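Single-structure report; data block below.
Since every read-out is calculated from the coordinates, none of them should be taken as a lab result. As the structure is a computational prediction, the values presented were derived from the model and not from experiment. Here the Cβ is made from the backbone with ideal geometry for all residues, glycine too, and neighbour counts use every protein chain on show.
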Amino acid sequence: MHAGPLRWVMAGAAGLLLASPARAEGLFPFEDHGVWGYADADGKQVISAQFERADPFYEGLAHVQADGKHGYIDETGAVAIEPQFDEAKDFSDGLAVIALGGKFGYVNSAGQVAISPRFDDAGPFSEGLAPVRVGEKWGYVDPSGELAIEPQFVDAGRFSAGVAIVREGRERRAGFINAAGKMVVDAEYDDVRPFSEGLAAVSLGGKWGYVDRLGNLVIELQFDEADNFDNGQAEVRFAGAAQRINRQGDFTMPQATVHLHVPTIDPSTGEELDERSQVGAVDATTAGAPDWETAQPEKMAKPEEPL
């Protein structure tokens with residue numbers, strides 16, 4: 001049994017343990033007095049604390065560090081790939097990034113080097129392609145190690161739903177390419193988010209909107225923030241307020257009534273005579289400002305004098 005407090009690997013703003021379908025069931029890294037091991041969801045130690053570093057399990061293997069070298073263990077704690085690499089990353093699509101002598105390649109789950117370390121940087125495989133850097137430019141390789149998309153981007157992400165985020169030019173503008181390397185959304189945005197439900201949030205000049213998979217701007221750039229769509233709706237921030245929109249860009253939150261308190265001033269003395277309020281309706285389906293022109297003033301009740 002361990003002695004002393006354990007420190008769990010946590011992720012997310014709320015400090016929640018985030019699970020992945022590719023991870024071993026219920027095993028999570030923990031730290032005990034500077035060394036790492038694995039415990040189940042009930043906090044029971046399964047693999048004793050013995051590693052200098054321990055990452056979550058992916059595809060049945062976990063990246064660990066021992067004696068300054070990186071390798072992999074299985075969910076029983078047995079060494080699956082002997083620690084021998086200068087760097088290593090998690091498994092994805094059956095391959096994991098490894099580094100030797102300052103160059104990056106890939107190893108398979110049997111511990112065989114599948115793609116020799118020859119790249120200046122590399123990312124995980126997804127949908128049969130992985131981003132790799134040659135010099136200052138990023139391209140993509142296939143599982144055989146052949147360049148499928150020539151290095152040409154200043155940055156490149158992993159593929160999801162058939163497209164990947166890339167950046168181009170000195171301004172690092174972002175767009176999307178398909179698996180053939182063709183631009184499907186031109187790299188003209190300051191920032192973009194992955195596609196979800198056929199739409200992707202894009203930002204330009206501090207405002208966010210949404211494009212479809214043909215690159216059409218289907219929801220205008222108007223939001224201060226924008227999140228991915230989920231079940232036909234997306235969270236956005238408009239005019240300082242959190243809202244939800246549908247796929248047509250219409251706000252779906254109910255109408256709200258707001259009050260603006262306006263003091264009445266005596267023009268001859270400048271003294272405040274009483275206080276009135278104007279009432280306007282904020283229609284969330286149009287995102288209009290309160291209609292103060294047609295709002296009717298309402299008399300406010302004076303507060304009772306304190307006893």
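Observations on the model:
- Other residues with beta-carbon under 9 Å from the beta-carbon of Ala164 carry, at +1 per Lys or Arg and -1 per Asp or Glu, a net charge of 0.
- Net length gained if the chain between Leu214 and Arg53 were fully extended (0.36 nm per residue, minus Cα distance): 53.6 nm
- Listed by Cβ neighbour count within 10 Å, with the fewest neighbours leading, Glu87, Glu146, Glu171 appear as Glu146, Glu171, Glu87.
- Relative to the Cα centre, the charge distribution of region 65-218, modelled as +1 at Lys and Arg Cβ and -1 at Asp and Glu Cβ, gives a dipole magnitude of about 380 debye.
- For a label point 7 Å along the Cα-to-beta-carbon line of Arg118, residues of region 125-144 with backbone N under 19 Å: 125, 129-144
- The ranking of Phe251, Phe57 by Cβ neighbour count inside 10 Å, starting from the fewest, reads Phe251, Phe57.
- In order along region 172-186, phi translates into HN-Hα couplings of 6, 5, 9, x, 10, 10, 9, 5, 8, x, 7, 5, 9, 10, 4 Hz, rounded to whole numbers, per the Karplus curve 6.51 cos²θ - 1.76 cosθ + 1.60 with θ = phi - 60° and x for Gly and Pro.
- The gain in end-to-end length when the Val35 to Asp250 segment is fully stretched comes to 72.2 nm, 0.36 nm per residue minus the alpha carbon separation.
- Computed from label points 7 Å out along Cα-Cβ, the spacing between Leu147 and Gln243 is 4.7 nm.
- Distant-in-sequence amide contacts of Asp155, defined by a placed amide H-H separation under 5 Å and a gap of 5 or more residues or a different chain, comprise Trp138, Arg167.
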